[in-house]
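The values are calculated or read from the model by the stated rules, or taken from the named source; none is laboratory data. Model, not experiment: these values are computed from the prediction. Note that we place each Cβ from the backbone using ideal geometry, even for glycine, and neighbour counts take in every protein chain shown. Ligands, DNA and RNA are excluded from the accessible area calculation, which covers all protein heavy atoms including side chains. Shrake-Rupley method; radii C 1.70, N 1.55, O 1.52, S 1.80 Å.
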Amino acid sequence: MAGTLAERIIAQHLATGDMKPGEEIALRVDQTLTQDATGTMAYLQFEALGMDRTRAELSVSYVDHNTLQTGFENADDHRYLQSVAARYAAYFSRPGNGICHQVHLERFGVPGKTLLGSDSHTPTAGGLGMIAIGAGGLDVAAAMAGEPFYLSMPSVIGVDLTGELTGWASAKDVILELLRRLSVKGGVGKLFEYFGPGVATLAVPERATITNMGAELGATTSIFPSDERTREFLAAQQREQAWTELVAEPGAEYDEVIRIDLSALEPLVARPHMPDNVVTVTELAGQPVDQVCIGSCTNSSLSDLMTVAAILKGSTVHPRVSLVISPGSRQVEEMIARNGALADMLAAGARVLEPACGPCIGMGQAPPSGGVTVRTFNRNFRGRSGTADAAIYLTSPAIAAMTAVAGEFTDPAEFGSPVSVELPASFTVDDSMIIAPPEDGSQVEVLRGPNIKPIPLKDPLPDSLTGAVLLKLGDNITTDDIMPAGSKILPLRSNIPAISEHVFEGIEPGFPRRALDEAPGILLGGENYGQGSSREHAALAPMYLGVQAVLARSFARIHRANLINFGILPLVISREDYGRLERGDRLQFDGLRVAVQRGQPIVATRLNTDETIELTCELSEREREIILAGGRLNYIRSRQ
Ligand code: MIC
Ligand code: SF4
């Protein structure tokens, strides 16, 4: 059977397992990336593993999330990350150098390699023909220690692109169209591989917009071939030597094929509060907006910002609108500064921020109460902007820029002929804000601030357990619901006791106190529980509050792995039993360890009615041992 590109790369990196969809496989990891909001924890865990240096071919530690320094915490974390990178042979991308995914694409990504990153948008590098996967910090720490990465082999979905984008349609519309068709859980257990004649019409940064936001489908990852356009991009980055041609074998067989005619796409917008709530921009024409934010790892490339500048040139931002622009990297920022595009943006009234995640993760620029904010980002979950009752719309840079000028959604036809921006023949390359590690880092002192607290550990799984259902939640609960981010909470990422005080804050402000009082606790969720980010704090903090098990209709991939890594049982509940159980119900589990060990269904007794409930506990051999040990750190230590 002819192989897909993804299968070819996976086969070359396969450490163990059988490449059948749904089977557990282990992949050798060539490159790792961490960002500061997950990276402090990842490096603390890496230190706990007792290695002398990273074993990956390349490890890069980025600072891009927690860049507002309203107190000492973030600055201390940056200093810790810089020193720990030097100590253990990782590159350090300094604050101000840009968003990890954009910089990695520009400076480090290599077609055909594997990349594991402690951020859910790591698949951005799939735009360069890499198998790039997002994971919890502990999984990345383990990869730096030379361990393979375990995952369930995804089915490979072929996305056949034909035609060419026309009018104001852009790469963002390709992924919004997929979200419209498939929903935020449509990609769980799947890998999306793009092929067909339309591929060659897209430059690498456009491909990266698509693979980036494949995360919103719940996909394991997404990949484009490495072709002439890839060579062109790498050559413009002065990295042509990193290029190899990589395509699927002729006649490659996909588990399923989805067809998208690029010529038929029109500008799309995701309405609040989910990225799959997609309509055309013309359907929204006339609706006023208060804020427009352009940037994030989805849409902050040079061509994105050149398009924005061309639309803004000679106009003034509408009086109702605050327009905020954050370039994806210092390279992009410097190039728009030198070529005049930045001046056009400033003249139009844009508020330009440093190259970082910024408003995307609620690090400043929260919109006004009840405000409407239009963003080129990838997530519009309720509250993510930092304003609980704001409405977030997601769209392309061109549509965002027009909206900023018009003060409302408009029919793009009113903005005349579309802007077309070519990839430059060469990017400005200056890696001086990326610090290479010393040859021998063994004498480097690792600098820790007072906010960096030890990682709490869990006891091994008990054999009997009686716990209360603390919350009954619906479908598509995000990690932002479980462990909110934003400028006030993010600085606590290195301090689990402190950050735990914010668990489920947007759903029930008093939750942490109640969870501690009623511990051990159980959470009940619907479909796709834990979608969104890779933040392991969404497992670690509930664990700290005494949560022992999550019962859900289904789980998002990264969150499920994080629950297991921190010793929380992910149990699948039937629709009927989900319907029956209520908040406050007390559940009793007996013979838990034996049932987990043998891979048997887990039976719980609902104490208030004496009914029994059967739960599925689908764990691999390795996952069972981790759960029994009370988490992966205990498991690794027990084997040392
Ligand atoms: C996000 O976009 O939600 C984040 C912030 O980048 C997260 C990582 C984190 O929570 O630190 C992600 O996507 O994994
Ligand atoms: Fe940063 Fe937003 Fe991208 Fe997450 S989605 S990495 S917060 S820019």
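On the given criteria, is residue 151 modelled with pLDDT of 95 or more and farther than 21 Å from residue 258 by Cα?
Values: modelled with pLDDT of 95 or more: yes; farther than 21 Å from residue 258 by Cα: yes.
Here the answer is yes, as residue 151 does meet what is asked.
Look at residue 551 and say whether it is open to solvent by 10 Å² or more (accessible area, probe 1.4 Å) and away from ligand 1 (no atom under 16 Å from the Cβ).
Values: open to solvent by 10 Å² or more (accessible area, probe 1.4 Å): no; away from ligand 1 (no atom under 16 Å from the Cβ): yes.
So residue 551 fails the test.
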Tell me which helices (runs of 4 or more DSSP H) are completely within region 152-247 and hold 2 or more residues being open to solvent by less than 10 Å² (accessible area, probe 1.4 Å) and touching a His at 6+ places or on another chain (Cβ under 8 Å), or say none if there are none. 204-213
Condition broken by residue 270, with the remaining ones in (1) open to solvent by less than 20 Å² (accessible area, probe 1.4 Å); (2) more than 20 Å from the chain's Cα centre (by Cα) satisfied: (2)
For region 385-394, give me each residue that is closer than 23 Å to residue 283 by Cβ and within 16 Å of ligand 1 (Cβ to nearest atom). 385, 392, 394
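Mind telling me which of the residues 504, 566 ends up being on the phi > 0 side of the Ramachandran plot, more than 14 Å from ligand 1 (Cβ to nearest atom) and either touching a helix residue (DSSP H, G or I) at 6+ places or on another chain (Cβ under 8 Å) or open to solvent by 20 Å² or more (accessible area, probe 1.4 Å) (or both)? Steps first, please.
Details: 566 fails: on the phi > 0 side of the Ramachandran plot.
The unique qualifying residue is 504.
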Output the residue which, of all residues in region 461-477 that are open to solvent by 40 Å² or more (accessible area, probe 1.4 Å) and within 20 Å of residue 560 (Cβ to Cβ), is nearest to the chain's Cα centre (by Cα). 475
Can you run down the residue pairs with Cβ atoms below 8 Å, 6 or more apart or on separate chains, where the first is in region 394-413 and of a type in the set (D, E, K, R) and the partner is open to solvent by less than 10 Å² (accessible area, probe 1.4 Å)? 408/289; 411/281
Residue 346 passes all but one of the listed conditions (1) of a type in the set (A, V, I, L, M, F, W, C); (2) open to solvent by less than 40 Å² (accessible area, probe 1.4 Å); (3) away from ligand 2 (no atom under 16 Å from the Cβ); the exception is number (2)
Is there a residue in region 384-397 that is within 15 Å of ligand 2 (Cβ to nearest atom), open to solvent by 10 Å² or more (accessible area, probe 1.4 Å) and among the charged types (D, E, K, R)? yes
Any pair with Cβ under 7 angstrom, 6 or more apart, that starts in region 111-123 at a residue that is at positive phi and ends at one that is modelled with pLDDT of 95 or more and surrounded by fewer than 24 Cβ atoms within 10 Å (Cβ to Cβ): 112/9; 112/244; 112/246
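Would you mind stating whether residue 3 is among the small types (Gly, Ala, Ser), open to solvent by 20 Å² or more (accessible area, probe 1.4 Å), away from ligand 1 (no atom under 16 Å from the Cβ) and out of contact with any Cys (no Cβ under 8 Å at 6 or more places or on another chain)? Steps first, please.
Working: among the small types (Gly, Ala, Ser): yes; open to solvent by 20 Å² or more (accessible area, probe 1.4 Å): no; away from ligand 1 (no atom under 16 Å from the Cβ): yes; out of contact with any Cys (no Cβ under 8 Å at 6 or more places or on another chain): yes.
No, not satisfied.
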Can you work out which of the residues in region 189-231 that are more than 16 Å from ligand 1 (Cβ to nearest atom) and of a type in the set (Ser, Thr, Tyr) is nearest to residue 381 (Cα to Cα)? 194
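Take residue 541 and tell me if it is small (Gly, Ala, Ser) and over 16 Å from residue 469 (Cα atoms). Quick ask: steps written out before the conclusion?
Working: small (Gly, Ala, Ser): yes; over 16 Å from residue 469 (Cα atoms): yes.
The answer is yes for residue 541.
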Residue under question is residue 496, and the condition is that it be among the β-branched types (Val, Ile, Thr) and within 16 Å of ligand 2 (Cβ to nearest atom); does it hold? no
Pairs returned, first residue in region 173-194 that is within 20 Å of residue 133 (Cα to Cα), second residue that is open to solvent by 40 Å² or more (accessible area, probe 1.4 Å) and outside any loop (DSSP other than H, G, I, E, B), beta-carbon separation under 7 angstrom, 6 or more apart or interchain, are 188/557; 189/152
Go through (1) within 16 Å of ligand 1 (Cβ to nearest atom); (2) over 24 Å from residue 187 (Cα atoms); (3) part of a strand (DSSP E or B) one by one and return the number of the condition residue 15 breaks. (1)
Among the numbered conditions (1) among the charged types (D, E, K, R); (2) closer than 19 Å to residue 320 by Cα; (3) at pLDDT below 95, tell me where residue 411 comes up short. (3)
Residue hits (region 419-447; in contact with a Leu (Cβ under 9 Å, 6 or more places away or on another chain) and modelled with pLDDT of 95 or more) are 424, 427
Selected residue (criterion: surrounded by the fewest Cβ atoms within 10 Å (Cβ to Cβ)) from residues of region 611-640 that are in contact (Cβ under 8 Å) with a residue 60 or more places away in the chain, of a type in the set (Val, Ile, Thr) and over 18 Å from residue 44 (Cα atoms): 626
Of all the residues that make up region 357-382, how many are within 13 Å of residue 480 (Cα to Cα) and more than 12 Å from ligand 1 (Cβ to nearest atom)? 1
Conditions (1) within 17 Å of residue 550 (Cα to Cα); (2) free of Cβ contacts under 8 Å to residues at least 12 places away in the same chain; number of the one not met by residue 517: (1)
So residue 480, is it surrounded by 15 or more Cβ atoms within 10 Å (Cβ to Cβ), within 16 Å of ligand 2 (Cβ to nearest atom) and of a type in the set (Asp, Glu): yes
Take the residues in region 280-305 that are away from ligand 1 (no atom under 16 Å from the Cβ) and small (Gly, Ala, Ser), then tell me which one is surrounded by the most Cβ atoms within 10 Å (Cβ to Cβ). 301
Within region 417-427, is even one residue crowded, with 19+ Cβ neighbours inside 10 Å and in a helix (DSSP H, G or I)? no
